[in-house]
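Below is one structure, written out as structure tokens, with a few remarks after it.
The values are calculated or read from the model by the stated rules, or taken from the named source; none is laboratory data. Since this is a predicted model, take the numbers as computed values, not measurements. Backbone-built Cβ (ideal geometry, glycine too); neighbour counts: all protein chains shown. The accessibility values were calculated without ligands, DNA or RNA, using every heavy atom of the protein model including side chains. Shrake-Rupley method; radii C 1.70, N 1.55, O 1.52, S 1.80 Å.
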Amino acid sequence: MVQKYKFGNPFRTDAVVREVALCEGEMPYMKKADGEKLSFSYHLEQEDEVYGLGENVRGINKRGWEYRSCCMDEPNHVEDKRSLYASHNFFVVRGKKCFGVFLDAPGIVTFDIGYTHLDEMRVTLEEPDAMVYVFEGDSVLEIVKEFRVLVGRSYIPPKWAFGYQQSRWSYMTEDEIYEVARMYRDNHFPLDSIYLDIDYMERYKDFTIDRERMPHFEEMVENLKKEHIRVVPIIDAGVKVEEGYSVYEEGVEKGYFCKDKEGKEFVVGVWPGQVHFPDVLNKDAREWFGNHYKFLIDKGVEGFWNDMNEPAIFYAQDRLDSTIDEIASLKGQNLDLSIFHKFMGKVMGLSNNTEDYKKFYHETESGRLSHDKVHNLFGYNMTRAAGEAFERICPDKRILMFSRSSYVGMHRYGGIWMGDNKSWWQHMLLNFKMQPSLNMMGILYTGGDIGGFGADTTEDLVIRWTQMALFAPLMRNHSALGTRVQEVYRFDNQDILRNILGIRYGLLPYLYSEFMKAALRDEMYYKPLAFEYTQDAYVSQVEDQLLAGDSVMTAPVFVQNAKGRYVYLPEEMAMVRMRSLDDYDTRRYPAGHHYIEAGLGETLLFVRRNKMLILSKGGEYTEEVKTDSMKALAFVEDKAVYEWYDDDGMGKDYSNPENIRKITISADGSCTCEGKPVNLEVEML
């Protein structure tokens, strides 16, 4: 059951797609607190667990810290941070009571979950306006499904976007891109796409191509597509201020950029220097910006990633000017401790200063609003601009789209990647823990940069991270300019990495099926054990193992030099220790705690009781993965039944009954299939 409560005069975010009647009276569970700001409190019992908040730091259970919904360009994902790139104001409390809350409020919201006081949760909004939805249910999964129905179906990418993807800031020329493709194909590493970061553009201008670096862009896109490799370019939020640049001139002429208090286009600095932000909260401006994606679609591009859309601000021009003047006045002075700290504070305060949010405005259906009132909606609406445009430009075709910044509702238009992580073992674990929290928000197509984006990676970290990402829908290796190169063919243990990617392509039929069912049924793809094994008191302590779809528990290795790991099994499971698609050993383990060996080239996965894992024979790109003849690894005591979803991977005929086949395996190993027949080899575990 869902109940809706209105406070003040909320801005319409379009996060919610299903109408719910407004309730009168006091909101249940959380008590409205007295004070100037809108605030709610809840007494936390000792056994209460709090889940949700999407992309954020720390664990799956969010108790014990203060989180802040304020989309930030934050590359340092360390424990003392309170905000990352996204704002996802939905959480579920599970304990003596089980309920969920979604605060549809686009301004800054603080979630103090047992931080100030261990036994108190306090949610505080900077603005007095919010639409608040309260969910009641018997379980977290039931509440999550109610929420997901409320906010609409998750974005569905093309099937090729589930293949392995290679990125780096930056591949500078066509020759470099061809070389990456050649090294993958010649060395038989599976690959489905190569990414272009900011240097493919002409001086960092959106919807342009640097013809000196990429003189034959269209031909390159077509040639790589013949090799079953898609080219995926980046799009940034800021439009360069430059006379003669048509996107800039058109935006100024039509009034489609955010303006300052005097009605002039607001100027900030990002990659190109001075830019204007498109006013994506303005319906007409959003349509205008989205239509520009056609420039690259017409050149054969079938996927994009939106970046810098918190929006990131290197500097606001007025703040930069005043800072330069103040610093100049210090010339010749003795910079003692206090003056030096003042100097450093001025410089460090230039980037992503929240005070600058108050200086520019959006034209919305609710009138003119300063950006700080609706800050968290910018990235969502930039990606919405693209998603709505794709429906106009190529309505029958899926286009890959994911974003760095997001808000609830953006999940209908694209996925996300988890931003600029580091080549740290702890960041691999952090990305893993984010997956179920993001799934709760409806964001199913997601993953972290394999090997880490910033800092220098190590070979064993790339291997373990690639193993960890085997079930991640978005499986992309991405790294920063100036760091150690980390394409898989750069390392000594090429056979190990080739085999891991081979396993991924063997898993594709299962992974795709589980993703599609989760999207079409408003369910979770990744789940913590605590959501499924609700009668087991210990499982809420386990955050480094996840259920990936219906059949499998994944338990990666997150520690450098480890030769294995401890696992907790809430029930008897069949362990599969995989070295390649054709080289693995299996063993049943009873419920309980176990230490299991896992060498550097070994991936651990666990098939649940009366479940099956379907595997293809793999391939070097998604179109090469055949599903007419497959293998089922089955742990059957009574009967295992699996609903297998499959379609053409590009169209949108999701409800076609031919997309579903029902596979049944009995305890004696016999197999039947309802629907389109499949040749299935059964291996009993």
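Can you list the GluC sites (Glu not before Pro) in the range 61-169 that are in a DSSP coil and have 12 or fewer other beta carbons within 10 angstrom?
Sites meeting the loop and neighbour criteria: Glu79.
Project the alpha carbons of the range 21-111 onto their principal axes and report the range along each, largest first, in whole Å.
43, 30, 26
When you have a sec, figure out the Kirkwood radius of the range 560-609 from all distinct Cα pair distances and drop it here in Å to one decimal?
Averaging 1/r across every pair of different Cα atoms and inverting gives 11.2 Å.
For the range 174-238, which GluC sites (Glu not before Pro) are in a loop by DSSP, counting at most 13 other Cβ atoms within 10 Å?
Details: sites: Glu174, Glu176, Glu179, Glu202, Glu212, Glu218, Glu219, Glu222, Glu227; in loops: Glu202, Glu212, Glu227.
When the GluC sites (Glu not before Pro) of the range 174-238 are filtered for loop state and at most 13 Cβ neighbours within 10 Å, Glu212 remain.
Taking the alpha carbon gyration tensor of the range 548-636, what are the square roots of 5 times its eigenvalues, largest first, to the nearest whole Å? Mind dumping the intermediate values first?
Numbers: eigenvalues 113, 61, 20 Å².
Here the semi-axes work out to 24, 18, 10 Å.
Kirkwood hydrodynamic radius (Cα pairs, Å) of the range 324-393?
Numbers: mean 1/r = 0.0639 Å⁻¹.
About 15.7 Å for the range 324-393.
Can you order the peptides 232-242, 390-400 by their average number of other Cβ atoms within 10 Å per residue, highest first?
Working: 232-242: 22.7, 390-400: 15.5.
Highest to lowest by the protection proxy: 232-242, 390-400.
Of all trypsin sites (Lys or Arg not before Pro) in the range 137-231, which ones are in loop regions per DSSP and have a Cβ with at most 14 other Cβ atoms within 10 Å?
The qualifying sites are Arg203, Arg211.
Percent of Cα-Cα pairs per 5 Å bin, from 0 to the last occupied bin, for the range 298-451, please list those.
Pair shares across the bins are 2, 8, 13, 14, 14, 14, 12, 10, 7, 4, 2, 1, 0, 0.
Mind checking which lysines have their C-alpha under 25 Å from Lys254, skipping anything on the same chain fewer than 8 residues away?
Hits, sequence-local ones excluded: Lys205, Lys240, Lys264, Lys283, Lys294, Lys358, Lys359, Lys373.
Over the chain, calculate the relative contact order: mean separation of alpha carbon pairs under 8 Å at least 6 apart, over the residue count, as a percent.
Normalised by residue count, the contact order of the chain is 13 percent.
Which residue, Ala161, Phe147, Tyr133, has the largest displacement toward the positive end of the dipole of the range 133-175 when charges sit on each Cβ (Lys, Arg +1; Asp, Glu -1)?
Result: Ala161.
Using the Cα centre of the chain as origin and beta-carbon charges of +1 (Lys, Arg) and -1 (Asp, Glu), tell me which of Ile177, Ala316, Ala389 is placed farthest towards the positive end of the dipole.
Ala389
Among the lysines, select those whose C-alpha is under 19 Å from the C-alpha of Lys342, and discard any that sit fewer than 8 residues away in the same chain.
Lys331
Given the convex hull of the Cα atoms of the range 187-345, what is a quarter of its surface area in nm²?
14.4
Please report the carbon-and-sulfur percent of the accessible area for the chain; probe 1.4 Å, protein heavy atoms only, DNA, RNA and ligands left out. Present the calculation step by step, with values, prior to reporting the outcome.
Numbers: 11900 of 25630 Å².
Answer for the chain is 46 percent, counting heavy atoms of protein chains only.
With N set to the residue count of the range 577-685, report its C-alpha Rg divided by 2.2 N^0.38 Å to two decimal places.
In units of the 2.2 N^0.38 Å rule of thumb, it is 1.20.
Can you divide the C-alpha Rg of the range 103-203 by 2.2 N^0.38 Å and report the result to two decimal places?
In units of the globular-protein estimate, the range 103-203 measures up at 1.81.
Angle check, please: helix 494-520 long axis (alpha carbons) against the longest principal axis of the chain (alpha carbons), in degrees 0 to 90, nearest 10.
For 494-520 against the chain, the angle is about 80 degrees.
Once both axes come from the Cα atoms, what is the angle between helix 337-348 and the longest principal axis of the chain, in degrees from 0 to 90, rounded to 10?
That helix lies at roughly 70 degrees to the long axis.
Any idea of the accessible area per residue across the range 440-558, 1.4 Å probe, to the nearest Å²?
23
Would you calculate, for the chain, the mean residue ellipticity at 222 nm contributed by helices, counting each DSSP H stretch of 4 or more residues as -39,500 (n - 2.57) and dividing by all residues, to the nearest 500?
Helix contribution divided over all residues of the chain: -7000 deg cm²/dmol.
What is the Cα coordinate range of the range 489-594 on the first, second and third principal axes, sorted by size from largest, in whole angstrom?
45, 35, 24
Please work out the C-alpha center-to-center distance from the range 526-567 to the range 293-333 and express it in whole Å.
So the two Cα centres are separated by 41 Å.
Roughly speaking, what is the centre-to-centre gap between the range 108-175 and the range 224-256 when only Cα atoms are used, to the nearest Å?
Here the answer is 28 Å between Cα centres.
Which of the lysines could be linked to Lys676 by a straight reach, that is with a Cα gap under 22 Å, when you skip same-chain ones fewer than 8 residues away?
Cα-Cα hits under 22 Å: Lys159, Lys517, Lys611, Lys617, Lys626, Lys631, Lys639, Lys652, Lys662.
Rg(Cα) of the chain divided by 2.2 N^0.38 Å?
Compactness ratio reported: 0.96.
Under the definition of Cα pairs under 8 Å and six or more residues apart, what whole-number percent is the relative contact order of the range 443-502?
Relative contact order for the range 443-502 comes out at 40 percent.
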